[in-house]
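Below is one structure; the comments refer to it alone.
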Amino acid sequence: MITPLPSAFPTGRRPARAAAVLLAMLMLAGCHARSAEPKVAHAWVRLPAIAGQPAAAYFTIIGGRSDERLIQVESAVAQRVELHESMGGSGGMGSMAGMKPLDGLDVPAGATIVFAPGGKHAMVYGVEKVVTPGTAIPLRFGFASGKTAEAEAKTVAAGDDAPY
């Protein structure tokens with residue numbers, strides 16, 4: 001005859017203990033769920049080759065639990081920051097690439113939007129002279145909902161490789 005092993009839970013308390021264990025597991029799973037707030041990662045700035053010209057900022061926006069609209073980027077060490085998107089030429093002789101300003105950018109819930117060379121980017125005008133390659137630049141991202149995200153951007157010289 002096989003004798004069953006004694007239960008870790010006394011009789012009558014099994015459902016309550018099982019519920020407590022299940023609740024703890026759900027709470028732990030929630031710790032890894034998507035953040036409610038949008039976040040910014042991998043921020044970096046390529047400083048201009050010619051002093052007085054604008055720098056270019058690149059970063060990745062990770063959407064939160066709800067749709068957002070990025071409407072501004074600002075920095076304490078710059079006069080202004082504008083969102084832009086690069087546009088390729090038509091491919092014909094004499095066609096030139098250019099860029100157009102963006103008045104904002106939709107950030108769907110859970111989306112990852114990369115601002116990278118040759119695509120979306122931010123132009124950083126009037127960077128303070130104390131900013132040199134290796135200096136961190138604070139960036140603050142404002143959303144139409146009133147939410148904000150902050151990032152510290154690494155800086156590189158005009159001809160240097162991207163840090164990410």
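The values are calculated or read from the model by the stated rules, or taken from the named source; none is laboratory data. Quick caveat, the model's predicted, so the values are computed rather than measured. Virtual Cβ from ideal backbone geometry, glycine too; neighbours counted across all protein chains shown.
Restricting 81, 124 to those that are within 25 Å of residue 38 (Cβ to Cβ) and in contact (Cβ under 8 Å) with a residue 60 or more places away in the chain reduces the list to 124.
Kindly indicate which of 60, 112 is surrounded by fewer than 18 Cβ atoms within 10 Å (Cβ to Cβ), within 20 Å of residue 35 (Cα to Cα) and touching a His at 6+ places or on another chain (Cβ under 9 Å). First the steps, then the outcome.
Values: 112 fails: touching a His at 6+ places or on another chain (Cβ under 9 Å).
Result of the check over 60, 112: 60.
The residue that is surrounded by the most Cβ atoms within 10 Å (Cβ to Cβ), counting only those in segment 131-164 that are under 11 Å from residue 47 (Cα atoms), of a type in the set (Ser, Thr, Tyr) and touching a residue at least 60 places away in the same chain (Cβ under 8 Å), is 155.
Return the only residue of 115, 143 being among the aromatic types (Phe, Trp, Tyr) and farther than 16 Å from residue 58 by Cβ. Before you say what the answer is, go through the steps one by one.
Details: 115 fails: farther than 16 Å from residue 58 by Cβ.
Unique residue meeting the criteria: 143.
Only one of the numbered conditions (1) out of contact with any Leu (no Cβ under 8 Å at 6 or more places or on another chain); (2) farther than 12 Å from residue 45 by Cβ; (3) not aromatic (Phe, Trp, Tyr) is not met by residue 77, and that is (2).
Conditions tested, residue by residue: (1) within 23 Å of residue 52 (Cβ to Cβ); (2) in contact with a Phe, Trp or Tyr (Cβ under 9 Å, 6 or more places away or on another chain); (3) modelled with pLDDT under 95; (4) assigned to a loop (DSSP other than H, G, I, E, B).
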| residue | (1), (2), (3), (4) |
| --- | --- |
| 95 | no, no, yes, yes |
| 117 | yes, yes, no, yes |
| 134 | yes, no, no, yes |
| 151 | no, yes, no, no |
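Looking only at segment 52-78, residues that are assigned to a loop (DSSP other than H, G, I, E, B) and either in contact with a helix residue (DSSP H, G or I) (Cβ under 6 Å, 6 or more places away or on another chain) or in contact (Cβ under 8 Å) with a residue 12 or more places away in the chain (or both) come to 10 in all. The single residue among 119, 110, 126, 98 that is on the phi > 0 side of the Ramachandran plot and more than 12 Å from the chain's Cα centre (by Cα) turns out to be 126. Any residue at all in segment 98-107 that is touching a residue at least 60 places away in the same chain (Cβ under 8 Å) and surrounded by 13 or more Cβ atoms within 10 Å (Cβ to Cβ)? Yes: one or more hits. The set of residues in segment 116-149 being within 15 Å of residue 69 (Cα to Cα) and among the aromatic types (Phe, Trp, Tyr) consists of 141, 143. On inspection, residue 46 fails the criterion of being surrounded by 13 or more Cβ atoms within 10 Å (Cβ to Cβ), basic (Lys, Arg) and farther than 21 Å from residue 159 by Cβ.
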